[in-house]
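Heads up, the thing below is written out as structure tokens.
The values are calculated or read from the model by the stated rules, or taken from the named source; none is laboratory data. Small disclaimer: the values here were computed from a predicted structure and weren't measured. Note that each Cβ is placed from the backbone with ideal geometry, even for glycine, and that neighbours are counted across all protein chains shown.
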Amino acid sequence: MVVLSVHHHQPPQQSWQADLQSIAFDEQAVEDKLRDLDRPLYVVQLQGKVGITNEGVIQMGDDGKAGVLGFIASAPAMHIEDLGNPAFKTFHNTRYAYYAGSMAHAISSEKMVIEMGKAGFLSSFGAGGVAPKHLETAIASIKEALPDGPYAFNLIFNPNEPALEHKAVELYLKHDVTAIEASAFLDLSISLVHYRLAGLGVAPDGKVQIRNRIIAKLSRREVAALFMQPAPEDIIRQLLAERKISELQATLASQVPMADDITVEADSGGHTDNRPLVCQLPSITALRDEIQARYRYPIPLRIGAAGGISTPTAALAAFMMGADYIVTGSVNQACVESGTSEHTRNLLAQADMADVMMAPAADMFEMGVRVQLLKRGTLFPIRAQKLYELYKNHDSIETIPLAERQKLEKLIFKKGMDEIWQDTIQFFSERDPAQIERASRDPKYKMALIFRWYLGMSSHWSNHGEKGREMDYQIWCGPAMGSFNDWVRGSYLEQPQNRHVVDIARQILAGAAYQYRLQSLKAQGVQITPRLMNCYPKEPQNNVM
């Protein structure tokens, strides 16, 4: 079997010299050489056969010495730490230009953040929808386990419950959380600006010191522009009037952008505009360059890529398009460290790329905002859409036809609406009493809160593996999950119990480095057998990838 071949227009002009025994020709030996990322690759020709080695010296011409062969192509050593922008790693104190994005309701769990941080990866705790008391506990445990980081905490845009967003920022400032991932924002909130500006100061060298770092995860150019520019003057004045920032911080605000990093979120699980990364990333990168030319920040914003990244080829594609770092999401939910149930992880491990659909979001239900979910093994997306249609077409629970209401209580809620309302009152009495006050004046808003009870509980049921509610599980998921399952099929990672977030991160990066070197050889005319063109996961031994 011919594993390597070459298509040159001209004969080789260089030669290679080393031990002939180091050259691999058969498929397994060639694969071993290709997977050795710590050493360079040399493709050479011996008696008409093309082989590959990690050893040797390249020189111009052929001096006739024994052991000198025709040199065809080479690829450098490629450590997984080399991928991406070194500035991202320095800024966030990580080893890798890769982070695990947040998933709400602590699906991106304390355990996930800690395990990733110990291995040198950034990970963002899924604080969206988490009660302040639980969030404060998570902050304490993560900071104790990772006193020097790296870690981040999510801040999700919450126009319906601004008090919850405000409370999260209060906790982040109180406990000195210096990195947050701001997601789903449609505009800049006063709480977000407060977090950013409260961390500004002047370093000993006179430069602006940014203590509170923000990674903005977004998918729209107009939103990206808000984060790429300094904080709005009206919000600065309001914060100054409320004495939440100092005069110095108000002055420094004009010299720094609202974010340090922009994560461009393409077709992902959860909140998404389903946009293709190949169109979106270059567009927002170009916008960054325009704004940088205007403001001339000492440190330009970095642009990362998220959405659809769960395989080496996708990771490499993002890096080759200029991403400073990459972000994974759906694939991490399928890992044993995630804050979801075994049943949900098993469903995710069976997902195909087409097993996803859009459905109404719990946090922005009334606005018609939708999220991308898994549809395999659950009826939640269809049931959630039914609730939104009822909300649009009726002004209150009482105006819904009786037969329809009874069907809701029996088939979807499995609970009377009066009982649900009492649960809702109790929930918001602790979380945000203003919601109940508003609902008492607005019957349509009361209906929205009752419907949001189901949307909110569906995530809780999925995360906690609620028996009897499996068909109501809400599972955020993008097509990347199916792509990952295709990639790992037949390997040890096919089984859900073998999926660990750090291992998967390393496998994706190692595969991207592998693919980078193969593409380099391909560009030099080397053809490699199809099986070796994809770096399938290989179970680590003795902590070596």
Q) With respect to the numbered conditions (1) within 26 Å of Gly117 (Cβ to Cβ); (2) touching a Gly at 6+ places or on another chain (Cβ under 8 Å), which one is the sole condition not fulfilled by Pro479? A) (1)
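The rows are residues; the columns are (1) free of Cβ contacts under 8 Å to residues at least 24 places away in the same chain; (2) in a helix (DSSP H, G or I).
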{"residue": "Met103", "(1), (2)": "no, no"}
{"residue": "Ser108", "(1), (2)": "no, no"}
{"residue": "Met116", "(1), (2)": "no, yes"}
{"residue": "Thr137", "(1), (2)": "yes, yes"}
{"residue": "Lys143", "(1), (2)": "no, yes"}
{"residue": "Asn160", "(1), (2)": "no, no"}
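Table: residues versus (1) in contact with a Pro (Cβ under 8 Å, 6 or more places away or on another chain); (2) at pLDDT below 95.
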residue	(1), (2)
His271	no, yes
Ile284	no, no
Arg288	yes, no
Gly304	no, no
Thr313	no, no
Asn332	no, no
Val336	yes, no
His343	no, no
Q. With (1) crowded, with 19+ Cβ neighbours inside 10 Å; (2) among the hydrophobic types (A, V, I, L, M, F, W, C); (3) in contact with a Pro (Cβ under 8 Å, 6 or more places away or on another chain) as the list, and Ile156 as the residue in question, which single condition is left unmet?
A. (3)
**Q.** Options Leu240, Leu186, Leu248; residue that is outside any strand (DSSP E or B), surrounded by fewer than 23 Cβ atoms within 10 Å (Cβ to Cβ) and modelled with pLDDT under 95
**A.** Leu186
Q: For residues that are part of a helix (DSSP H, G or I), surrounded by 22 or more Cβ atoms within 10 Å (Cβ to Cβ) and more than 21 Å from the chain's Cα centre (by Cα), tally how many sit in region 473-514.
A: 1
Q. Are any of the residues in region 522-530 part of a helix (DSSP H, G or I) and within 30 Å of Ala104 (Cβ to Cβ)?
A. no
Q | Tally, over region 381-411, of residues that are surrounded by fewer than 18 Cβ atoms within 10 Å (Cβ to Cβ) and β-branched (Val, Ile, Thr) | A | 2
Q. What number goes with the only condition from (1) crowded, with 22+ Cβ neighbours inside 10 Å; (2) over 24 Å from Leu277 (Cβ atoms) that Ile215 does not pass?
A. (2)
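Keeping to region 440-471, report how many residues are touching an Asp or Glu at 6+ places or on another chain (Cβ under 7 Å), at negative phi and not basic (Lys, Arg).
If we filter region 440-471 for residues that are touching an Asp or Glu at 6+ places or on another chain (Cβ under 7 Å), which is where we start, we get 443-444, 448, 453, 458, 461, 465.
Retained after the next criterion (residues that are at negative phi): 443-444, 448, 453, 458, 461.
The next check asks that each one be not basic (Lys, Arg); those that pass are 443, 448, 453, 458, 461.
Count: 5.
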Q. Is it the case that some residue within region 374-381 is in contact with a strand residue (DSSP E or B) (Cβ under 9 Å, 6 or more places away or on another chain) and assigned to a helix (DSSP H, G or I)?
A. yes
(Q) Could you list, ordered by first residue, the pairs with Cβ atoms under 6 Å in which the first is in region 265-283 and in the same structural domain as Met228 (by TED's automatic domain parsing) and the second is part of a helix (DSSP H, G or I), at least 6 apart or interchain? (A) Ala266/Leu277; Ala266/Gln280; Gly269/Ser330
Q) Restricting to region 120-135, what's the tally of residues that are within 19 Å of Leu164 (Cα to Cα) and either touching a residue at least 24 places away in the same chain (Cβ under 8 Å) or assigned to a loop (DSSP other than H, G, I, E, B) (or both)? A) 11
Q) Looking only at region 52-81, which residues are at pLDDT below 90, part of a strand (DSSP E or B) and under 21 Å from Tyr516 (Cβ atoms)? A) Ile58, Phe71, Ile72, Ala73
Q | For Asp395: the one exception among (1) in a helix (DSSP H, G or I); (2) more than 30 Å from Met481 (Cβ to Cβ) | A | (1)
Q.
Consider region 149-163. How many of its residues are at pLDDT below 95 and either under 13 Å from Ala179 (Cα atoms) or out of contact with any strand residue (DSSP E or B) (no Cβ under 9 Å at 6 or more places or on another chain) (or both)?
A. 7
Q: Kindly indicate whether any position in region 288-302 is of a type in the set (Gly, Ala, Ser), more than 16 Å from the chain's Cα centre (by Cα) and more than 28 Å from Trp476 (Cα to Cα).
A: yes
Q. Before we move on, is Met457 outside the structural domain of Leu34 (by TED's automatic domain parsing), without any contact (Cβ under 8 Å) to a residue 60 or more places away in the chain and of a type in the set (A, V, I, L, M)?
A. yes
Q. Filter region 421-452 for residues that are in contact (Cβ under 8 Å) with a residue 12 or more places away in the chain and of a type in the set (Val, Ile, Thr); which is nearest to Lys133 (Cα to Cα)?
A. Thr424
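Scanning region 189-212 for residues that are part of a loop (DSSP other than H, G, I, E, B) and touching a strand residue (DSSP E or B) at 6+ places or on another chain (Cβ under 8 Å), which turns out surrounded by the fewest Cβ atoms within 10 Å (Cβ to Cβ)?
Filtering first and then ranking leaves Ala203.
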**Q.** Of residues in region 218-234 being touching a residue at least 40 places away in the same chain (Cβ under 8 Å) and surrounded by fewer than 19 Cβ atoms within 10 Å (Cβ to Cβ), the one nearest to Gly101 (Cα to Cα)
**A.** Arg220
Q) Is it the case that region 138-150 has a residue that's closer than 25 Å to Ile303 by Cβ and assigned by TED's automatic domain parsing to the domain that holds Val223? A) yes
Q | Subset tally (residues that are in contact with a helix residue (DSSP H, G or I) (Cβ under 8 Å, 6 or more places away or on another chain) and farther than 30 Å from Ala119 by Cβ) for region 158-178 | A | 10
